[in-house]
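A quick write-up on the structure given underneath.
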Amino acid sequence: MSTDPWNVLALAPTSDRQVIEAAYQQKLEDLKTESEETRAEQEQVIHAAYQAILTGLAEPFSPAADSLADPLFNEFNDELSDLLNNAHRHTQLSAWQLLVDHPACENVSLRNDLAALVFDKVLTHQKTCQVDKEMISSEVLIFLTEQLEWASRDDLKARYGEGFYYRMTQQEIPQQEIVPEPIADTGNLANIFIGLTIICAIGLLMISV
């Protein structure tokens with residue numbers, strides 16, 4: 001059986017605990033036809049996957065051990081912390097462009113952890129801001145979303161939910177806009193009616209002459 005907890009539960013990454021619970025219970029239900037020995041073994045795997053998913057949702061992001069052991073990753077992490085702690089620089093798009101150009105971001109094995117690290121730290125920063133002017137601007141967030149491919153990250157969606165970007169900007173998740181049905185312009189209709197009436201009247205006069 002796969003060791004990926006999402007694959008074990010046959011579930012796409014999600015932050016909905018009810019969906020996770022339902023998938024977990026379904027997997028246990030599916031084991032009822034198995035032998036007692038097989039059932040006991042697989043129940044342990046399924047339960048471990050279930051607990052791993054719930055733990056992952058509750059805990060802050062934690063980079064892989066290989067990433068933490070890489071000097072480039074730690075150098076990037078230090079620069080990220082310095083940037084967030086600098087009230088002037090963290091509002092500047094150019095400062096974030098320099099960070100994204102860091103050599104660590106060119107390392108394919110580090111990039112996923114770096115992108116998640118930036119997201120987690122930026123989100124924490126946004127949540128702790130006391131006034132709007134301290135917050136990272138939407139311009140910077142859009143830049144980071146594009147450069148670090150946050151929108152395509154299933155792990156971010158699983159940890160923070162589908163509306164994670166709006167939670168970061170502290171905005172309400174937009175509701176689908178209801179477009180009202182067009183209402184006929186009664187003024188124009190009245191004008192058309194008057195025009196037709198005049199034409200008919202002229203026609204009747206010409207016939208009578």
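Quick note: the coordinates plus some simple rules give every number you see, no bench work behind them. Note that the coordinates shown come from a computational prediction; the quantities given were computed from them, not determined experimentally. Reconstructed Cβ throughout: ideal geometry from the backbone, glycine too, with neighbour counts over all protein chains shown.
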Mean-position separation - Cα centroids, the range 110-133 and the range 28-103, in angstrom
13 Å
Determine, from the Cβ-Cβ distance of Gln18 and Glu149 and an R0 of 25 Å, the FRET efficiency 1/(1 + (r/R0)^6), rounded to the nearest 0.05.
0.30
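What value does the range 1-74 have for Rg/Rh, both radii from Cα atoms and Rh as Kirkwood defines it?
Answer for the range 1-74: 1.11.
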Between Thr3 and Val108, the two model label points (7 Å from Cα along the beta-carbon direction) sit apart by a distance in nm of 2.2 nm
